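Working notes, structure below.
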Amino acid sequence: MTEQQFGKQQRRRFEPGEVIFRQGEPGEHAYIIERGEVEISYSRAEGDVLLANLGEGEIFGEMALIDNDVRSATAKAAVPTEVFEVDLELFQRHVQTAEPILSCVIQALLDRFRAFQQRVSSADLDVDALARLSSEPLSDARHQSPVHQQALTELKFEHELKRALSPDGREVQCVYQPMVSLQDGRPLGLEALVRWYHPELGTLAPDSFLPLAARSGLMRELDINSLQKACEFLHKIDTETNWTSLFMAVNLSGDHLSDDRIVMAVKQALETHHLEPHRLKLEVTESELVREPERAREILLELKALGVNLALDDFGTGYSSLSYLNRFPIDQLKIDRTFIKTLTTSEQSQDIVRAILSLASAFGQHTVAEGIEHPDQVARLLEMGCDVGQGYWFSRPLPPEALIRWLEDRT
Ligand SMILES: [Ca+2]
């Protein structure tokens, strides 16, 4: 056998009949066959069973590395063979950093295979015995591990979210929080906020499922679902109340800022619900603008060309830089709630809010203060020149019917 070092990996050569590893030994490497042929066989008291003949480009010996167990079979060169040896550490790092659901499935398959193999070794290899064994349930502590359970829960959750977002799904709905004039509390518009009314877990706020939606690539569907519902609701307000000129704000995730299908979706939602474009406001955050700024700018300009308004959400917490305000066609800044929360107690928050207000005024943008919970905050904001606000002081986010009653009370 000859060896050639390639960093931590090596090439090895084996003569015909030479053992590469033996069943029952600990595993330190996996192997990729560069040239030749390898026989994988399983030893039983009755004699060896040939499991596989592997050729160029195939991998073997990986199982023992995944689960840190001993070799489940023996590998032997059938002809002069050269293999590329993959280090244990490198291999395990790939498995550990794999998508959790994928590594969970790999682990489950492997556990099942090993348990099956153990039983086979103590049974006669007739067809009936094999059929019986393969239908018997396996009990393995690893299936109860927190990581395994979490991966399965996430898989189930993702499936449920996808179903909830299907056209006949009813579990994902919007609630609406008013934005009002700070002068007199008059409603000016609404922000649509998504809720998942989960049949077992109850009402879920976005924080508990948006990360999952993002990981599963469902953000687009989720936002478009909200967009359609919000436009439908604004039309309902127009027809059922005296408040016929409110605007509707809808949050857009960063996924839309690299995919111009959103432009058509917005156009369709406006047309379907007979809304003038300027009554729709799309909220994006700064951090999402900077991912692919050029592409984001193009898409925002296309949206702007439809006639909708654009707002920069949670302003002040992200990359807040003058160049962004200048480069993107933004109509409104929403001052983040963290500054409003400490507005009456922190000089620094006051300075920041003052700076945001003068920035907005210099660029001809409107401002909305988020998270207002106290009349002192309203008074201070008015003194500083901010005249639109949103927060629990005026109203919590409300389901559609309650929001209509809230509006009627203010007619
Ligand atoms: Ca928002």
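The values are calculated or read from the model by the stated rules, or taken from the named source; none is laboratory data. Remember, it's a predicted structure, so these values are computed and weren't measured experimentally. Note that we place each Cβ from the backbone using ideal geometry, even for glycine, and neighbour counts take in every protein chain shown.
Key figures
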{"read-out": "Unique residue being away from the ligand (no atom under 14 Å from the Cβ), out of contact with any helix residue (DSSP H, G or I) (no Cβ under 6 Å at 6 or more places or on another chain), in contact (Cβ under 8 Å) with a residue 60 or more places away in the chain and assigned to a helix (DSSP H, G or I) when the list is Lys236, Lys229", "value": "Lys236"}
{"read-out": "Residue that is within 16 Å of the ligand (Cβ to nearest atom) and either free of Cβ contacts under 8 Å to residues at least 12 places away in the same chain or assigned by TED's automatic domain parsing to the domain that holds Val368 (or both), where the choices are Leu312, Leu325", "value": "Leu312"}
{"read-out": "Residues located in segment 154-200, provided they are closer than 20 Å to Leu282 by Cβ and at pLDDT below 90", "value": "none"}
{"read-out": "Flag if Glu288 is part of a helix (DSSP H, G or I), charged (D, E, K, R) and away from the ligand (no atom under 16 Å from the Cβ)", "value": "no"}
{"read-out": "Residue in segment 267-278 that is surrounded by 15 or more Cβ atoms within 10 Å (Cβ to Cβ) and outside any helix (DSSP H, G or I) present", "value": "yes"}
{"read-out": "Segment 348-366 residues that are charged (D, E, K, R), paired with ones that are part of a helix (DSSP H, G or I) (beta carbon under 9 Å, 6 or more apart)", "value": "Arg354/Met384"}
{"read-out": "Some residue of segment 201-209 being assigned to a helix (DSSP H, G or I), of a type in the set (S, T, N, Q) and modelled with pLDDT under 85", "value": "no"}
{"read-out": "Boolean, Leu188 is surrounded by 17 or more Cβ atoms within 10 Å (Cβ to Cβ) and assigned to a helix (DSSP H, G or I)", "value": "no"}
{"read-out": "Lone qualifier among Glu283, Glu271 - being out of contact with any Lys or Arg (no Cβ under 8 Å at 6 or more places or on another chain) and modelled with pLDDT of 95 or more", "value": "Glu271"}
{"read-out": "Count of residues meeting criterion [within 16 Å of the ligand (Cβ to nearest atom) and either outside the structural domain of Asn225 (by TED's automatic domain parsing) or free of Cβ contacts under 8 Å to residues at least 12 places away in the same chain (or both)] in segment 165-201", "value": "0"}
{"read-out": "Enumeration of residues in segment 250-261 that are away from the ligand (no atom under 16 Å from the Cβ) and either buried (at least 20 other Cβ atoms within 10 Å of the Cβ) or assigned to a helix (DSSP H, G or I) (or both)", "value": "Ser258, Arg261"}
{"read-out": "Restricting segment 328-347 to residues that are free of Cβ contacts under 8 Å to residues at least 40 places away in the same chain, within 18 Å of Ala249 (Cβ to Cβ) and hydrophobic (A, V, I, L, M, F, W, C), the residue that is farthest from the ligand (Cβ to nearest atom)", "value": "Phe328"}
{"read-out": "Which numbered condition Ser245 misses (of (1) surrounded by fewer than 17 Cβ atoms within 10 Å (Cβ to Cβ); (2) assigned to a helix (DSSP H, G or I))", "value": "(2)"}
{"read-out": "Subset of segment 147-177 (residues that are of a type in the set (A, V, I, L, M) and in a loop (DSSP other than H, G, I, E, B))", "value": "Leu165"}
